[in-house]
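Read through the structure below, which is laid out as structure tokens, and then see the notes.
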Amino acid sequence: MLESDRSDEGNPHESVRVGGLTRAELRTALNAGGVLLNAHAETLLEHAVFDTREPETIRIVVRDVGDLGFAEGATLPDVYAAAQSHGLALCPPDTGPYLRLAWTSQPNAPDTVLSAGRSPAGSLKVASAPLSDDVEYPKGFYLRVVDHQQWLRGYRCDDEYVYEPGDRFAFRG
């Protein structure tokens, strides 16, 4: 869980404890927290990476694509490479659900569109290595609050999709 619930302009600049729960315990915690999941998040949660592992605490750092030097936007591989050059790392693949449970102060999204073939407004993508090379398999998680309802959603994209300069990613600091 986050060590504190303070946030700066809707960004979780805290540490989050990742791991330590079984897959069933994690799903129970998400359900008890009222977190909604889309089909892609459900698919990701079935992956073996969600088997029980020793917990670790990681520092979360949020950066916009533009903060990483891309005024015109960038692809996911470019975003990840730029983050690394700024001293940031990818989060463990199982970070998304734990961050969703910990970050209860995420602001409500500016719109209620849940799927539009673009990065959703008000979302925070959790930067982690893809669990599969298959373009049809979800790349990772994003967190969003729609109509005051917390969501943990999975997303798909290929390596050609260009994220906007204002799209936000959570990295390991």
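The values are calculated or read from the model by the stated rules, or taken from the named source; none is laboratory data. As the structure is a computational prediction, the values presented were derived from the model and not from experiment. Every residue, glycine among them, receives a Cβ derived from its backbone with ideal geometry; neighbour counts consider all protein chains shown. Remember, those area values only see protein heavy atoms, side chains included, never the ligands or the DNA or RNA. Shrake-Rupley method; radii C 1.70, N 1.55, O 1.52, S 1.80 Å.
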Original post:
In the stretch 7-60, which residues are closer than 18 Å to residue 123 by Cα, open to solvent by 50 Å² or more (accessible area, probe 1.4 Å) and modelled with pLDDT under 95?
Top reply: 7, 8, 9, 13
Original post:
Which residue pairs have Cβ atoms closer than 9 Å, lie 6 or more positions apart in sequence or on different chains, and pair a first residue in the stretch 144-165 that is farther than 20 Å from residue 68 by Cα and without any contact (Cβ under 8 Å) to a residue 60 or more places away in the chain with a second residue that is of a type in the set (Ser, Thr, Tyr) and open to solvent by 70 Å² or more (accessible area, probe 1.4 Å)?
Top reply: 146/112; 147/112
**OP:** Inspect the stretch 117-125 for any residue being open to solvent by 20 Å² or more (accessible area, probe 1.4 Å), at pLDDT 95 or above and either hydrophobic (A, V, I, L, M, F, W, C) or closer than 14 Å to residue 142 by Cβ (or both) and give the result as yes or no.
**Re:** no
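So which residues in the stretch 145-173 are over 17 Å from residue 75 (Cα atoms) and either surrounded by fewer than 23 Cβ atoms within 10 Å (Cβ to Cβ) or among the aliphatic types (A, V, I, L, M) (or both)?
Of the residues in the stretch 145-173, the ones over 17 Å from residue 75 (Cα atoms) are 145-154, 172-173.
Once the filter is applied, which keeps residues that are over 17 Å from residue 75 (Cα atoms) and either surrounded by fewer than 23 Cβ atoms within 10 Å (Cβ to Cβ) or among the aliphatic types (A, V, I, L, M) (or both), the stretch 145-173 yields 145, 146, 147, 148, 149, 150, 151, 152, 154, 172, 173.
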**OP:** Scan the stretch 95-153 for residues that are hydroxyl-bearing (Ser, Thr, Tyr) and under 19 Å from residue 18 (Cα atoms) and jot them down.
**Re:** 95, 98, 104, 105, 128, 142
**OP:** Would you confirm whether any residue within the stretch 112-127 is closer than 28 Å to residue 57 by Cα, touching a strand residue (DSSP E or B) at 6+ places or on another chain (Cβ under 9 Å) and charged (D, E, K, R)?
**Re:** yes
Original post:
In the stretch 85-110, which residues are open to solvent by less than 40 Å² (accessible area, probe 1.4 Å) and either at positive phi or more than 13 Å from the chain's Cα centre (by Cα) (or both)?
Top reply: 88, 109
Original post:
In the stretch 69-105, how many residues are over 26 Å from residue 57 (Cβ atoms) and polar (S, T, N, Q)?
Top reply: 1
